[in-house]
Amino acid sequence: MFIWDDENIEHIGAHNVEPEEAEEAMTDQFRIKFDAHSGKKGYIGATEEGRRLVVIFVVRYEGKYRVITARDAEEHEKKLYNKRRSGR
């Protein structure tokens, strides 16, 4: 389902994010999808530990996701996510 290579693992690592965390945020049932720059897509989601992340990705062949970057969500992004999760 995900495409990982040295380049994207190192890039998200610079933001202190592990591949497993990015995958958890992307598969979070409460994730929020948005359009990112240059035709890319993004999600605001949470890890199993509750860390809120923003993950930018592209969809490649056979519907597999290649993560471009992932970082901690900013306060306004966390508020959007928390609002959706609480149903308000």
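For region 1-23, a residue qualifies if it is surrounded by 19 or more Cβ atoms within 10 Å (Cβ to Cβ) and assigned to a helix (DSSP H, G or I), and the qualifying residues are ASN8, ILE12, GLU21, ALA22, GLU23. Say whether the condition of being small (Gly, Ala, Ser), on the phi > 0 side of the Ramachandran plot and exposed (fewer than 12 other Cβ atoms within 10 Å of the Cβ) is met by at least one residue in region 49-66. Yes, that holds for at least one residue. Scanning region 61-88 for residues that are more than 25 Å from ASN8 (Cβ to Cβ) and not in a helix (DSSP H, G or I) returns GLY87, ARG88.
Applying the selection to region 31-48, what residues are among the acidic types (Asp, Glu) and surrounded by 10 or more Cβ atoms within 10 Å (Cβ to Cβ)? If the condition is that a residue be among the acidic types (Asp, Glu) and surrounded by 10 or more Cβ atoms within 10 Å (Cβ to Cβ), then GLU48 is the only one that fits.
Report yes if some residue within region 38-48 is part of a helix (DSSP H, G or I) and at pLDDT below 95; otherwise report no.
yes
Given the residues ALA70, ALA14, which is the only one that is modelled with pLDDT of 95 or more, in contact with a Leu (Cβ under 7 Å, 6 or more places away or on another chain) and more than 24 Å from GLY87 (Cα to Cα)? Give the derivation first.
On the way: ALA14 fails: in contact with a Leu (Cβ under 7 Å, 6 or more places away or on another chain).
So the residue among ALA70, ALA14 that is modelled with pLDDT of 95 or more, in contact with a Leu (Cβ under 7 Å, 6 or more places away or on another chain) and more than 24 Å from GLY87 (Cα to Cα) is ALA70.
Search region 45-63 for residues being of a type outside the set (A, V, I, L, M) and within 20 Å of ARG85 (Cα to Cα), and hand back the single one that is nearest to the chain's Cα centre (by Cα).
If we filter region 45-63 for residues that are of a type outside the set (A, V, I, L, M), which is where we start, we get 45, 47-52, 57, 60-63.
After this cut, where a residue has to be within 20 Å of ARG85 (Cα to Cα) as well, the list is 45, 47-52.
Numbers: GLY45: 6, THR47: 9, GLU48: 13, GLU49: 14, GLY50: 13, ARG51: 11, ARG52: 9 Å.
In this case the residue turns out to be GLY45.
Conditions (1) under 11 Å from the mean Cα position of the chain (by Cα); (2) not hydroxyl-bearing (Ser, Thr, Tyr), marked per residue:
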residue	(1), (2)
PHE2	no, yes
GLU23	yes, yes
MET26	yes, yes
PHE30	no, yes
SER86	no, no
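The values are calculated or read from the model by the stated rules, or taken from the named source; none is laboratory data. Computed from a predicted model, the values in this text were never measured in an experiment. FYI the Cβ positions are ideal-geometry reconstructions off the backbone, even for glycines, and counts take in every protein chain you see.
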